[in-house]
Structures are given as C-alpha cells and as structure tokens.
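Visitor: My structure is below; once you've seen it, I'll send some questions.
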Amino acid sequence: MSLLVVGLSHRSAPVSVLERASLAVEARTKLLQDTLAAEPATEAAVLATCNRIELYADVDKFHAGVAELSTLLAQHSGVGLDELTPYLYVHYEDRAVHHLFSVACGLDSMVVGEGQILGQIKDALALGQELHTAGRLLNDLFQQALRVGKRAHSETGIDRAGQSLVTFGLEQLADGDEVTAWAAGKRALVIGAGSMSSLAAATLARAGVDEIVVANRTRARADRLVEILGQAGVPTARAVTMAGVADELTRADVVVSCTGATGLVLTAEAVAGALGVDFETATQAPEAPAAAPGELDQHAAWVENGSAAAQDRAVRRVPVRPAVTGPARLHLLDLAMPRDIDGAAHRVDGVRLVDIESLAEASADAPMAADVDQVRTIVADEVAAFGAAQRAAHITPTVVALRTMAADVVAGEIARLDGRLPDLDEKQRAEITQTVRRVVDKLLHAPTVRVKQLASEPGGAGYADALRELFDLDPQTVAAVSRADLNDPNRGRS
C-alpha cells in the first residue's frame, strides 16, 4: 500500500483560499482523469466539500507523487501552486488512512461530530467508481471509512459533540435563543436543491417554520424537494425558479443558500432592496471604525492575488461598520463555497449574516464532548486493523499461486503414475491421489498460515517477495491471481 493524500481544509487554509480553490463536479472529474494519467498514480479519488479539498492516490513514488498531486490540485482549482503550497498538508500510508477515518468520524469537521461528511465520502467513492479511477486500495479504504464513521456514531456519543453545519449555522442566527423558539412562525427561503440545501430545508421544517420556499436553477429538483417537505408535514412548501428569488426575498425572514454557482447569488444591493432601503445610503457611516488588526491585510492580499471578480467580492467583504445591534429583520445563512451571498450584506441595518467564515470562527470555541476520546480510540484500532488486512491481502495472491503450483505438481505426478501403473483400479488411484494431496496440504499449511500472520505485521510486505523467490513462482501467475481478485464482482460488498 502506497496511499498518499494531498489536500487543504478549514484547518490549514483561510476561507478566502478555500473559496477560490473549490471544485465543481466537472473539475473533479477532470482532476481524477488527469491524476490517473500522471505517472506516479495508479488510483485516484477526490473528496471535495465546502471546507476541504483532498486528492487521494495510490502512488509508486512518494516525492514524485506529492509534487504531481500538488501541481494537479493547483491546476484544477485555479489557485497558483506557489500560493496554494503553504496551505497544503500531506499524509502517507497509515497516516493517510488515519486522516480519512478521522474525517469520516467527524473529528476533522468544522463542527466536530457532524455526520454529513459520510454522505460526501460516499459521493467521492461513487465518482471514483463511476470513472474507474478507484481501484482495489481506494475502494477498500473508502468503504472501510464509511463503516468506521457509522461505528463511531453508533457506539459513542460523538453526535453530542456537534451538529450538522446547518444546525450550527441556525444556532448562530438564533444568537442564543432556542432554534425552535426562534424559527416559530418564520418564513424561510432555501436557495438550491442539492444535499446541503435539502438538509437545510429538513432542519428548518423540524425547527417549526411556517413556510419554506425552494428556489433552484432546475425547477424539477425544487419541486421534488417541496414534495418531500410536504410529506414531512410542512404547513406550506412551494417551489420557484431563480427568477423568483427577488420577490421571495421581500417576504422571507430566513434565507439559507447553498448552490454550485461560481458568482454571487444575492448581492448586498438585492438584500438591501428587499428591506426597502438603498444599499449605499444604508451603509454610509460618518466615521467608520478601524478594521481589526490584520483584517485589511488579509483582504488586500486576496485582492492582489485574485481575479477581477474576486477582487470586487473581497473588497466588499471588508467590514466598514459593525454588525446591527438591534433585532434582525432578515437572517441569512450562506453555506456555499464559493459564497453565494455578498459579505457586504451584513452592513445593511436589520440583516444578520452567517457564512462559512463566521461558522469557522464560532466553532473554534465550541465545547468538545468526552466521547471524542473514545472515537479517537476507535480510529486508532481501525487504522491498525486496516493496515494489517491490506498487508495480509498483499500476500494472498502469492499464497494462492503457491497452492496452484502445488496442485499442478500433484496432477502431473498422478498422470505419470497412471503411465507407469496402468492397471490401477479407480479406487486405488483415488486413494493414492488423496494421500498425495494430504501430504502436500500438510506441508504447506503451517508455512502459509505463518507467512500470512507475518505479512499482516508492520514491515511484513517482504514476505511475499521471499515466498515467490523461494518457490520460484512465476510473477505473471501471481499477477493473474491479483487481477482475478480485483475483478471479482462480489468483492467489497457489505
């Protein structure tokens, strides 16, 4: 196993970099195809969420693999390699397994313990399988990661350590109030109909909002989500096209947006207009307070390195006045990456905006549950078990090839015996054949069992090579067994 992961997340990179490096589905497809075409990689999978982008690969050379995967991430994300490199992390072999298992359990999430990451890991595996870039190693790895994540949630109280990003975001909007009390009687507008938006709509429904309006570029998907909400008992749920967002914004109390758009879905002017005020007038202040230390530098750096559109969005996110101190008339939750809602909207009186960046800041102070330690123990145990299983699997084709060779030797000797003793009857011949096979099986049993045990231990990969050398096994025969195992349609089913 030569598993390598190169990536960046909310723990290693500022949101401004993550936003620019986000990958659309089409970009993920091309990234996987190009990774497999690169010399060091034989398998590839990409895990891309709103707060992480990770490229997994089975490589034959570590340093060449790191260089190639880093370059490919830069090329497909649109962020220059020199700028991206300081934010990248690298994990190799068992550390890479440990990282993915930790991610699957929610230990590396922005909100510790959230379970949505399992669906995203499943989607990453499905894409790799669809494109045939995920082979035996990554299929085993991602399927086991899903099992480990489910185990962590079922055997521990990790769910108490955090909620989904949606729930956490709504708690921030509620600003200390109970979400159910805060949501009661409100009208909600959900922009987008993907997995995150659907989760947001379901969460709002459980919280007790009176009405949910779903807006989506594809009307059929919005209609389907509305149908599901109706079955869940939402008093009023209806769908609109994106053209209807402006009108719905004037009636909404809560807006949750998570689309795949590359530009802004809601501008600050549109938000201000929905409240009946002029943006420029509403955001003018006689004396704007100074930005927090480093804040202008951060945005200035982004402007210098970004495109013209990114520059405009970056400048508009520099706070010119503090957030509204009075009661909010419009609550905005932006869960998209890149962002859907102009950050400058928070400067409009009566608007409360929570986005990925503010969620990251808030989650840094969230309490950790004691169950986290138990999950870490589960991860450590599962990493050890996975490594042992992979090392044992590495020697299995060699053991199978050895037993196949032994069976061929037995068959050859029995055929030779038939030529020398043609008068043997069927009973005598069967008894001799069974005796020879028992002798061979007994001679091979202890060595093959022991070599599997030794191979499962750290550093045991060399036992397969030793076995092939000692018994002069044909490498092509061993490779044929490996290919047959890989092509087994029942392999990996759980």
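Visitor: What about E93, is it at positive phi, over 17 Å from the mean Cα position of the chain (by Cα), open to solvent by 60 Å² or more (accessible area, probe 1.4 Å) and not β-branched (V, I, T)? Walk me through how you get there before you give the answer.
Guide: Numbers: at positive phi: yes; over 17 Å from the mean Cα position of the chain (by Cα): yes; open to solvent by 60 Å² or more (accessible area, probe 1.4 Å): yes; not β-branched (V, I, T): yes.
Judged against the criteria, E93 is a match.
Visitor: For the range 345-392, name all the residues that are at pLDDT 80 or above, hydrophobic (A, V, I, L, M, F, W, C) and not in a helix (DSSP H, G or I).
Guide: Across the range 345-392, the qualifying residues are V348, V351, L353, V354.
Visitor: Within the range 404-458, restricting attention to residues that are under 30 Å from E93 (Cα atoms), touching a residue at least 24 places away in the same chain (Cβ under 8 Å) and charged (D, E, K, R), which residue is surrounded by the most Cβ atoms within 10 Å (Cβ to Cβ)?
Guide: K452
Visitor: Tell me which residues, restricted to the range 183-216, are open to solvent by 50 Å² or more (accessible area, probe 1.4 Å) and within 19 Å of T250 (Cα to Cα).
Guide: A184, R187, D210 - these are the residues of the range 183-216 that are open to solvent by 50 Å² or more (accessible area, probe 1.4 Å) and within 19 Å of T250 (Cα to Cα).
Visitor: While we're here: So R95 ticks every box in (1) touching a strand residue (DSSP E or B) at 6+ places or on another chain (Cβ under 9 Å); (2) without any contact (Cβ under 8 Å) to a residue 40 or more places away in the chain; (3) farther than 27 Å from F62 by Cα but one. Which box is left unticked?
Guide: Answer for R95: the failing condition is (3).
Visitor: So, A67, is that one open to solvent by 30 Å² or more (accessible area, probe 1.4 Å) and over 19 Å from L146 (Cβ atoms) or not? Walk me through it before giving the result.
Guide: Working: open to solvent by 30 Å² or more (accessible area, probe 1.4 Å): yes; over 19 Å from L146 (Cβ atoms): yes.
Yes: the conditions hold for A67.
One line per residue, one yes/no per condition, for (1) in contact (Cβ under 8 Å) with a residue 24 or more places away in the chain; (2) surrounded by 14 or more Cβ atoms within 10 Å (Cβ to Cβ); (3) not aliphatic (A, V, I, L, M):
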| site | (1), (2), (3) |
| --- | --- |
| Q172 | yes, yes, yes |
| A181 | no, no, no |
| T218 | yes, no, yes |
| S257 | yes, yes, yes |
| L275 | yes, yes, no |
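Visitor: If you don't mind, there's one more thing I want to ask. Tell me which of these G78 doesn't satisfy, since it passes every other one: (1) open to solvent by 10 Å² or more (accessible area, probe 1.4 Å); (2) under 22 Å from V103 (Cβ atoms); (3) touching a Lys or Arg at 6+ places or on another chain (Cβ under 9 Å).
Guide: Tallying (1) open to solvent by 10 Å² or more (accessible area, probe 1.4 Å); (2) under 22 Å from V103 (Cβ atoms); (3) touching a Lys or Arg at 6+ places or on another chain (Cβ under 9 Å), G78 fails exactly one: (2).
Visitor: Confirm whether I121 is among the β-branched types (V, I, T) and either modelled with pLDDT under 90 or open to solvent by 10 Å² or more (accessible area, probe 1.4 Å) (or both). Reasoning before the result, please.
Guide: On the way: among the β-branched types (V, I, T): yes; either modelled with pLDDT under 90 or open to solvent by 10 Å² or more (accessible area, probe 1.4 Å) (or both): no.
Taking the combined requirement at face value, the residue does not satisfy it.
Matching residues to (1) among the charged types (D, E, K, R); (2) over 20 Å from N139 (Cα atoms); (3) under 34 Å from the mean Cα position of the chain (by Cα); (4) modelled with pLDDT of 60 or more:
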position: D441; (1), (2), (3), (4): yes, yes, no, yes
position: K452; (1), (2), (3), (4): yes, yes, yes, yes
position: A455; (1), (2), (3), (4): no, yes, yes, yes
position: P458; (1), (2), (3), (4): no, yes, yes, yes
position: A461; (1), (2), (3), (4): no, yes, yes, yes
position: D465; (1), (2), (3), (4): yes, yes, no, yes
position: F471; (1), (2), (3), (4): no, yes, no, yes
position: P475; (1), (2), (3), (4): no, yes, no, yes
position: D485; (1), (2), (3), (4): yes, no, yes, no
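The values are calculated or read from the model by the stated rules, or taken from the named source; none is laboratory data. Everything numeric here is computed off the predicted structure, so don't read it as measured data. Virtual Cβ from ideal backbone geometry, glycine too; neighbours counted across all protein chains shown. Side chains included, ligands, DNA and RNA excluded: accessible areas come from the protein's heavy atoms. Shrake-Rupley method; radii C 1.70, N 1.55, O 1.52, S 1.80 Å.
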